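Structure record follows, encoded as structure tokens.
What follows draws every value from the coordinates through simple rules; no lab data is involved. Nothing here was measured: the structure is a model prediction, and the numbers come from that model. FYI the Cβ positions are ideal-geometry reconstructions off the backbone, even for glycines, and counts take in every protein chain you see.
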Amino acid sequence: MAELPDLTVFAQILTRKYKGEELDKVEVTVEKKLNVPVADLKSALKGQKLLNVIREGKTLQLHFSSDQIVGLHLMLRGELVELNNGKTPRFQVLAFHFKNGSGFSLIDLQKQATPTLQPKPAVAPDALNIDKSVFSALLAKKRTLIKTLLMDQKVIRGIGNSYSDEILYHAGVSPFSIPKAIPSKDVAKIYNSIRTVLEKAIHDIAGANGDKLTGELKDFMNIHSPQLKTTAKGEIIKTAKIGGRTTYYTDAQELFV
DNA sequence: GTAATTGTTCTAGC
DNA sequence: CGCTAGAACAATTA
């Protein structure tokens, strides 16, 4: 669920709510995914202030004073919940408690969510920053399906199963297309659709969520949804598995092989 | 009771 | 050897 637009909105809300707050304590409930010993995390963050929260690819980065950074990857089912009644949320992985009594928790029923102290900077370009010529060059040499390519975090960061379908539907290109075979006109369409689709989703989600951190992030999928049988234009929505992931598409999307 | 879900990592294969 | 495809992982809900 958590892809680039959701995470962007989470980062905005966390910054709004907790910017400037001083940490009281960090509570680690599930430590197996943490990249350092719990004691190291606690001592690194002791008494630090949260300066801001940004999105990096599919992760959030909490920037604290003294140059301390904590990366949070929500993986498949991670969620953020606001703490207010002192109760530990179910499935908690770790929690940030501030001195003013506020705080938030990272939860994940699968315990896959990954906190990282001082994450390494990633090299792959972000989906919202990638240069058009870099994008074209990338597609020109890849043989894997276009959908798989868009989801490859080592190539472009931020796009997952849901939004890859949305982007390709918007661009009118079949997810089964081979990147090398896609004409430059259509490569340009995909490139533009990445920005259009993601920015619209950020806008829609931010508007619907307001200051609410958690709960059902209302989604605005036009095609990637088991509930939808046809698109707004009336096209039949088909499904298939690509890389084990359910893919939603229509015959209106042009196939290049 | 079984299938589906989701992203990353590892492994096998071409 | 480089690239690509597919399985495994975890824990729950439908």
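Using Cβ contacts closer than 10 Å as the measure, can you line up A:Ser43, A:Ser164 from fewest to most?
On the way: A:Ser43 10, A:Ser164 27.
In increasing order of surrounding Cβ atoms, one gets A:Ser43, A:Ser164.
Need the list of lysines near A:Lys141 for cross-linking: C-alpha distance under 26 angstrom, and skip anything on the same chain fewer than eight residues off.
Filter leaves A:Lys58, A:Lys132, A:Lys154, A:Lys180, A:Lys185, A:Lys189, A:Lys241.
For chain A, with a Gaussian network of springs between Cα atoms less than 10 Å apart, report the residue from A:Gly103, A:Gly20, A:Gly243 with the top mean-square fluctuation.
A:Gly243
A:Val93's amide H: which non-local residues (gap 5+, or another chain) put their own amide H closer than 5 Å, with H modeled 1.01 Å from N in plane and none for Pro or chain starts?
So A:Val93 has HN proximity to A:Leu106, A:Ile107, A:Asp108.
Using the basic label-point model (7 angstrom from Cα toward the beta carbon), what is the A:Met221 to A:Ile236 distance in nanometres?
Here the answer is 2.0 nm between the modelled labels.
With the Cα gyration tensor of region A:132-249 giving a ≥ b ≥ c as the square roots of its eigenvalues, does the rule (a/c under 1.5 for rounded; else a/b larger than b/c for prolate; else oblate) give rounded, prolate or oblate? Provide the component values of the computation, followed by the final result.
On the way: a/c = 1.83, a/b = 1.42, b/c = 1.28.
Prolate.
If I build a Gaussian network model for chain A, linking alpha-carbon pairs within less than 10 angstrom, which residue out of A:Lys25, A:Lys42, A:Lys233 has the largest mean-square fluctuation?
Comparing A:Lys25, A:Lys42, A:Lys233 in a Gaussian network model of chain A, the most mobile one is A:Lys233.
Measure nothing fancy, just the Cα-based angle from helix A:184-209's long axis to the longest principal axis of chain A, in degrees from 0 to 90, nearest 10.
Tilt relative to chain A: about 40 degrees.
Taking amide H positions as placed in the peptide plane 1.01 Å from N, state which residues far from A:Asn35 in sequence (5 or more) or on other chains have amide H under 5 Å from it.
Under 5 Å from the amide H of A:Asn35 lie the amide H atoms of A:Leu117, each far enough along the sequence or on another chain.
Explain nothing, just the number: dipole magnitude of region A:65-128 about its Cα centre with +1 on each Lys and Arg Cβ and -1 on each Asp and Glu Cβ, in debye rounded to the nearest 20. List each step's numbers first, then the result.
Numbers: 6 positive and 5 negative charges, 51 e Å.
Computed charge dipole of region A:65-128: roughly 240 debye.
Over chain A, with a Gaussian network built from C-alpha contacts below 10 Å, which listed residue (A:Gly78, A:Gly158, A:Gly244) shows the highest mean-square fluctuation?
Greatest mean-square fluctuation among the candidates belongs to A:Gly244.
Can you sort A:Leu72, A:Leu150, A:Leu41, A:Leu109 by how many other beta carbons sit within 10 Å, fewest first? Write out the running numbers ahead of the final one.
Numbers: A:Leu72 27, A:Leu150 24, A:Leu41 21, A:Leu109 12.
Fewest to most other Cβ atoms nearby, the residues stand as A:Leu109, A:Leu41, A:Leu150, A:Leu72.
Just to confirm a number: summing +1 for Lys and Arg and -1 for Asp and Glu over residues other than A:Lys142 whose beta-carbon lies under 13 angstrom from that of A:Lys142, what do you get?
+4
Where nothing but the Cβ of Lys and Arg (+1) and of Asp and Glu (-1) is charged, how large is the charge dipole of chain A around its Cα centre, in debye to the nearest 20?
Working: 36 positive and 27 negative charges, 100 e Å.
The dipole of chain A has a size of about 480 debye.
Which of rounded, prolate or oblate describes region A:4-117 when judged by the alpha-carbon gyration tensor and an a/c cut-off of 1.5? Mind showing how you got there, number by number?
Working: a/c = 1.19, a/b = 1.09, b/c = 1.09.
Since a/c stays below 1.5, the shape of region A:4-117 is classed as rounded.
Name the residue from A:Gly103, A:Leu255, A:Asn209 whose Cα lies farthest towards the positive end of the charge dipole of chain A, charges +1 on Cβ of Lys and Arg and -1 on Cβ of Asp and Glu.
Going by the Cα projections, it comes out as A:Leu255.
Projected onto the charge dipole of chain A (+1 at Lys/Arg Cβ, -1 at Asp/Glu Cβ, origin at the Cα centre), which of A:Tyr191, A:Ala2, A:Val155 gives the Cα projection farthest towards the positive end?
With unit charges placed on the Cβ atoms, the residue in question is A:Val155.
Net charge near A:Lys46, counting Lys/Arg +1 and Asp/Glu -1 over other residues with Cβ under 15 Å of its Cβ?
With Lys, Arg at +1 and Asp, Glu at -1, the net is -2.
So which trypsin sites (Lys or Arg not before Pro) in region A:61-119 end up in coil per DSSP with only 15 or fewer other C-beta atoms within 10 Å?
Numbers: sites: A:Arg77, A:Lys87, A:Arg90, A:Lys99, A:Lys111; in loops: A:Arg77, A:Lys87, A:Arg90, A:Lys99, A:Lys111.
Of the trypsin sites (Lys or Arg not before Pro), the ones in loops of region A:61-119 whose Cβ has at most 15 other Cβ atoms within 10 Å are A:Arg77, A:Lys87, A:Arg90, A:Lys99.
Ignoring everything except DSSP H segments at least 4 long, calculate the 222 nm mean residue ellipticity for chain A; use -39,500 (n - 2.57) per segment, divide by total residues, nearest 500. Display every interim value, and only then the final one.
Numbers: 6 runs with 75 residues, N = 257.
Taking each H run of at least 4 residues, the total per residue is -9000 deg cm²/dmol.
Could you let me know the centre-to-centre spacing of region A:1-34 and region A:41-113, using Cα atoms, in angstrom?
4
Quick one: angle between helix A:161-171 and the longest Cα principal axis of chain A, in degrees between 0 and 90, rounded to 10, please.
Roughly 40 degrees between the two axes.
Which of rounded, prolate, oblate describes chain A, given a ≥ b ≥ c as roots of the alpha-carbon gyration tensor eigenvalues and a/c under 1.5 marking rounded, otherwise prolate only if a/b is larger than b/c?
Because a/c hits 1.5 or more and a/b exceeds b/c, chain A counts as prolate.
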